[in-house]
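Down below is the structure, laid out as structure tokens.
The values are calculated or read from the model by the stated rules, or taken from the named source; none is laboratory data. None of the values given here were measured: they were computed from a predicted structure. All Cβ positions, even for glycine, are placed from backbone atoms using ideal geometry, and neighbour counts span all protein chains on display. Calculation scope for accessible area: heavy atoms of the full protein, side chains included, ligands and nucleic acids excluded. Shrake-Rupley method; radii C 1.70, N 1.55, O 1.52, S 1.80 Å.
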Amino acid sequence: MHSKIFQITEERPLKDNILNDCTLEQGDGHYYDYCSEIDEEERKSHIDNLINNILPKGMFELVSDDTICYNGGADKWKEEFVATLQEKAKAVTTENCTLWIGEVYQLEKYLKNPLDTAYQFYMDEQCINGAAEQSYEFLRVVSQLEPGTLLYIGGVIDYHF
């Protein structure tokens, strides 16, 4: 399966530090089978999809091709996240807690990826880190920001898993 990794940072990454297909560890037992560059049209399409369909409605707006503004909304997201988390935790019982793809597995998936997306987020401005994160880590970082904070989109790459 294919999806995209978005480098989103608080500081505009320098040209030499933009995520590319060689940044992440891939192949031979790593999470990514391989990564590849995408063209500008595909990049714009996935950025639009991220802002308008994947991230919580109204939380971000695109202010230029590579800049988004955090509009706030983390408190609402946290309330919804905790309510869903508690609901999923209540579904875990002694009868289903050891099932292969049971309620514990669903809870674990939700904890790591509350947006339920294959998109991943790379938040390293220096391009030193070898892996991207699922949506929880991105939203955790965003929840610490002030409304009006600008975030910068560096590389957007395709990955196969």
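Working carefully through the options ILE157, ILE101, ILE153, find the one that is more than 17 Å from the chain's Cα centre (by Cα) and of a type in the set (Val, Ile, Thr). Working first, answer last.
Working: ILE157 fails: more than 17 Å from the chain's Cα centre (by Cα); ILE153 fails: more than 17 Å from the chain's Cα centre (by Cα).
After ruling out the rest, the residue left standing is ILE101.
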Residue pairs meeting the criteria (Cβ under 9 Å; at least 6 apart or on separate chains; first closer than 19 Å to LEU50 by Cα, in the stretch 65-83; second among the basic types (Lys, Arg) and surrounded by 12 or more Cβ atoms within 10 Å (Cβ to Cβ)): ASP65/ARG43; ASP65/LYS44; ASP66/ARG12; THR67/ARG12
Say whether the condition of being hydroxyl-bearing (Ser, Thr, Tyr), part of a loop (DSSP other than H, G, I, E, B) and at pLDDT below 95 is met by at least one residue in the stretch 36-43. no
Expected output for the stretch 108-120 (first residue over 17 Å from HIS160 (Cα atoms), partner of a type in the set (Gly, Ala, Ser), Cβ below 7 Å, 6+ apart or cross-chain) is ASN113/SER135; PRO114/SER135; LEU115/SER135
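Among the residues of the stretch 114-124, is there at least one that is at positive phi and touching a Cys at 6+ places or on another chain (Cβ under 8 Å)? Before you say what the answer is, go through the steps one by one.
First, pick out the residues of the stretch 114-124 that are at positive phi: 116.
Now narrow it down to the ones that are touching a Cys at 6+ places or on another chain (Cβ under 8 Å): none.
No, the conditions are met nowhere in the stretch 114-124.
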In the stretch 44-57, which residues are open to solvent by 70 Å² or more (accessible area, probe 1.4 Å) and outside any helix (DSSP H, G or I)? LYS57
Pair list, Cβ < 8 Å and 6+ apart or interchain, from the stretch 122-137 residues that are under 12 Å from ASN17 (Cα atoms) and of a type outside the set (A, V, I, L, M) to residues that are open to solvent by 40 Å² or more (accessible area, probe 1.4 Å) and in a helix (DSSP H, G or I): CYS127/ASP16
Report, ordered by the first and then the second residue, all pairs with beta carbons closer than 8 Å, sequence separation of six or more or different chains, a first member in the stretch 29-58 that is farther than 16 Å from ILE157 by Cβ, and a second member that is part of a strand (DSSP E or B) and open to solvent by 50 Å² or more (accessible area, probe 1.4 Å). ASP48/LEU62; ILE51/GLU61; ILE51/LEU62
Answer yes or no: is there a residue in the stretch 24-37 that is under 26 Å from THR149 (Cα atoms) and within 17 Å of the chain's Cα centre (by Cα). no
